[in-house]
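First up is the structure itself, then whatever we jot down about it.
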Amino acid sequence: MRTNDPRLCTFTVSPPNLTAVSSVPQTLPRPLHKRHPSPSTLNRRSRLFGDTSYIAARIQAPFRGAARLEEKVQSVLEHGWAPGTLDNYGSAVARFREFCRQEHVPAALQLPAHEFVLCAFAASSAGVQAGSTARKNISALKAWHVMHDQPWLAGPRLHYVLSGVENLTPASSKHAPRPPISSAMLAELHRGLDFASPFDVAVYAAACVAFWGQCRLGEILPITAKDKSLADKPTRAHVTHSARSTTLRLPRTKTQKAGEDVLLVDQSSPFNPRTALQMHLTVNSLPLSTPLFAFRDTSGSSRLLTRSLFLGRCNAIWTSVGYPRTTGHSFRIGGTTELLLNNVPPAVVKAMGRWSSDAFMRYWRSLDIIAPLHAANLHQRASRLLG
């Protein structure tokens, strides 16, 4: 890609010296009027969808009378991304606009963004942020272009710039793989909880379901009591029982907006998710429309089991016996690893965990133990099959 477009001559980008500081003068923003909200208080979604300063750049409606249809398209388009994704994308767009302001990028080159500008923005992360962060920022800008009906001008050069940022990821941005929850940790949790407490009963049920159901905590627990996605979390009505299994219907998941089923089967005591769930539903007897893991507090009132309450209780027990603090995704990884370690065929684990092929491989743990269970001495197995 050539960069001799006359419009590009109106600004400069710092050379790729990872330790250099941009020579572009840093202009201070004007003080905010007391009636003007701070940018940090603005709805991040508005940065992506309600950015009126770029409306003039939007492609004209294709025929007379299309304005009403355009409004309908826009209102539906806003639901094309999950709320959390919109928040993150809105922040990334704000960072891009701040970059353009500091580097004096002409507005005409921001939307649609010239590939050189996209490359420069991505390159500004080199040696500072992880390559995955740069890729997420670019994904946000692409969504921004889609919303404003603008062409996406990225090409091969941006691809290689992002690869370069990935290769220059600083060690401080690289994190060790998150350790999975193990059956030993479930045992410690069981020993540390007070099953005379409805709260602890709910915590253990959620832990067993998340572990054996290979669930993301965000699929079964709200972040806060005011979580806007609470309607996407399962209620007691989403549980069905059969003689050999329990099915939990997730109304919405990270990858399936129409929802998915989680299959729970019997395990040895005290780790049986079906028993733990049934105990919770009995102790915390609440209407079917109540969120699945809601519990009765000391006053007898219904209270939501939020992700922070859940992890706080689990980590209090685990850290007291020497385990590091854990995150929500560790349950999904842990359940997957536990099933594989116990010689459950990978294809079955993948189906039960609702894994896509790429993610399934990326999140495997204890491969040094799992691989021999499925791949060692294949010639001997073949000989036995052949007689």
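The values are calculated or read from the model by the stated rules, or taken from the named source; none is laboratory data. The structure presented is a predicted model; accordingly, all values stated were derived computationally and were not measured. Heads up, the Cβs are rebuilt from the backbone with ideal geometry, glycines too, and the neighbour counts pull from every protein chain shown.
Output the number of residues of the range 328-347 satisfying the condition of being at pLDDT 90 or above and over 14 Å from Gly213 (Cβ atoms).
Adding up the residues that qualify gives 0.
Can you tell which of Gly127, Gly155, Gly90 is touching an Asp or Glu at 6+ places or on another chain (Cβ under 9 Å) and either more than 27 Å from Thr255 (Cβ to Cβ) or not assigned by TED's automatic domain parsing to the domain that holds Asp227 (or both)? Outline the logic, then answer.
Numbers: Gly127 fails: touching an Asp or Glu at 6+ places or on another chain (Cβ under 9 Å); Gly90 fails: touching an Asp or Glu at 6+ places or on another chain (Cβ under 9 Å).
Going through Gly127, Gly155, Gly90 in turn, the sole match is Gly155.
Condition check ((1) small (Gly, Ala, Ser); (2) part of a loop (DSSP other than H, G, I, E, B)) across all residues:
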{"residue": "Gln129", "(1), (2)": "no, yes"}
{"residue": "Trp144", "(1), (2)": "no, no"}
{"residue": "Ala154", "(1), (2)": "yes, yes"}
{"residue": "His159", "(1), (2)": "no, no"}
{"residue": "Glu188", "(1), (2)": "no, no"}
{"residue": "Phe199", "(1), (2)": "no, no"}
{"residue": "Ala202", "(1), (2)": "yes, no"}
{"residue": "Phe211", "(1), (2)": "no, no"}
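Could you identify the single residue in Leu340, Leu309, Leu292 that is in the same structural domain as Phe195 (by TED's automatic domain parsing), under 19 Å from Asp194 (Cα atoms) and buried (at least 19 other Cβ atoms within 10 Å of the Cβ)?
Values: Leu340 fails: under 19 Å from Asp194 (Cα atoms); Leu292 fails: under 19 Å from Asp194 (Cα atoms).
Matching residue, one of Leu340, Leu309, Leu292: Leu309.
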